[in-house]
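Only one structure is covered here, and it is reproduced in the block below.
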Amino acid sequence: MTAPTSTLLSNLFDDLPDTPQPIYAKLKQAISLKISSGEWQANQRVPSEAEVVNALGMSRMTVNRALRELTAEGLLVRHQGLGTFVAEKKAHSALFEVHNIAEEISARGHQHRAQLLVLESAKASVEEAMMLGVRTNHEIYRSVVLHFENELPIQIEERVVNAKLTPDYDKQDFTQQTSYAYLMSVAPMTEGEHLVEAILPSELECQRLQISSQEPCLQIKRRTWSGEDIVTAARLLHPGSRFQLFGHFGR
């Protein structure tokens with residue numbers, strides 16, 4: 001056992017809670033505390049199952065359960081033949097709120113970049129008209145933006161916008177300002193709805209997000225209103241391994 005690993009185990013033993021709960025739960029709590037406090041960093045190798053067993057005098061079954069459950073909960077990740085590591089934290093958004101993705105990424109201490117793929121004016125198709133609550137052939141804007149977090153693609157944003165409510169939408173530079181920021185400035189949101197589901201991405205979406213065809217994605221379909229009018233309908237696609245939604249319910 002290396003000196004750094006020995007130190008990790010010694011500190012871990014000191015953090016085992018003195019509470020009446022199963023030993024595996026105490027171990028889980030101690031490891032979770034190390035991760036949440038930042039003492040154990042993302043991608044850092046953690047002591048192996050055998051090392052924990054030998055150093056802390058716990059049964060292999062107890063240690064296995066703790067590490068297995070922490071892996072299932074996304075705090076640890078196991079790589080065959082290499083060991084167990086602290087998992088990268090997934091980006092997340094609030095389930096019941098709408099935020100500027102650039103601000104969310106900045107709040108995590110990361111860098112946001114946007115790549116504009118489509119920005120055009122058009123006449124609404126039947127489907128687009130239904131989404132926006134307007135007549136077919138009503139003037140709309142379409143945009144597709146690829147968002148990056150630390151140069152890793154994290155979201156494809158496809159959007160249709162009611163042109164009557166959003167003058168000059170097609171003249172904006174969405175690599176410098178997000179569509180959310182512009183829309184909130186010209187037609188502040190008063191109401192919203194969204195539908196969340198897991199899907200498999202298309203071949204083009206895999207290329208844009210730099211993921212395999214077998215990786216599930218989280219799709220959010222969202223509509224927002226300003227007063228009585230629907231301003232925009234958006235489809236937001238995130239790689240499942242890089243994103244999660246979070247919601248808090250009141251008592």
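All of the numbers you see were taken from the coordinates with simple rules; none came from a lab. Computed from a prediction, not measured in an experiment: that's the story for all the values here. When we count neighbours, we look across all protein chains shown, and the Cβ atoms used for this are built from the backbone with ideal geometry, even at glycine.
Per-residue ellipticity at 222 nm for the chain, helices alone: DSSP H runs ≥ 4 residues times -39500 (n - 2.57), over residue total, nearest 500 deg cm²/dmol? Could the numbers behind the result be given before it?
Working: 8 runs with 76 residues, N = 251.
Helix contribution divided over all residues of the chain: -8500 deg cm²/dmol.
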- Once the mean of 1/r over all distinct C-alpha pairs in segment 52-193 is inverted, the Kirkwood radius in Å reads 18.7 Å
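Pairs Lys26/Lys221; Lys164/Lys221; Lys34/Lys221: which are spaced more than 31 Å apart, C-alpha to C-alpha?
Numbers: Lys26/Lys221 40 Å; Lys164/Lys221 22 Å; Lys34/Lys221 37 Å.
Check vs 31 Å cut-off fails for Lys26/Lys221; Lys34/Lys221.
Counting pairs of alpha carbon atoms under 8 Å apart in space and at least six apart in sequence, what relative contact order in percent does the chain give? Intermediate results must be reported in sequence, preceding the final value.
Numbers: 411 pairs, mean separation 37.6, N = 251.
Worked out over the chain, it gives 15 percent.
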- Taking only the alpha-carbon positions of the chain and ignoring solvent, what does the Debye formula give for the base-10 log of I(q)/I(0) at q = 0.10, 0.16, 0.17 Å⁻¹? -0.63, -1.13, -1.23
- Go through Leu82, Ser36, Leu218 and say which Cα lies farthest out towards the positive end of the charge dipole of the chain; charges sit on Cβ, +1 for Lys and Arg, -1 for Asp and Glu. Leu82
- Message: Using the Cα centre of the chain as origin and beta-carbon charges of +1 (Lys, Arg) and -1 (Asp, Glu), tell me which of Ile154, Met130, Gln172 is placed farthest towards the positive end of the dipole.
- Response: Ile154
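How large is the charge dipole for segment 110-153, taken about the Cα centre, if only the Cβ atoms of Lys, Arg (+1) and Asp, Glu (-1) carry charge, to the nearest 20 debye?
Details: 4 positive and 6 negative charges, 27 e Å.
Using Cβ point charges on Lys, Arg, Asp and Glu, segment 110-153 gives about 140 debye.
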- Please sort 72-78, 221-227 by packing, taking for each peptide the average over its residues of neighbouring beta carbons within 10 angstrom, highest first. 221-227, 72-78
- Message: About the Cα centre, and with charges only on the beta carbon of Lys, Arg (+1) and Asp, Glu (-1), how big is the dipole of the chain? Nearest 20 debye, please.
- Response: 540 debye
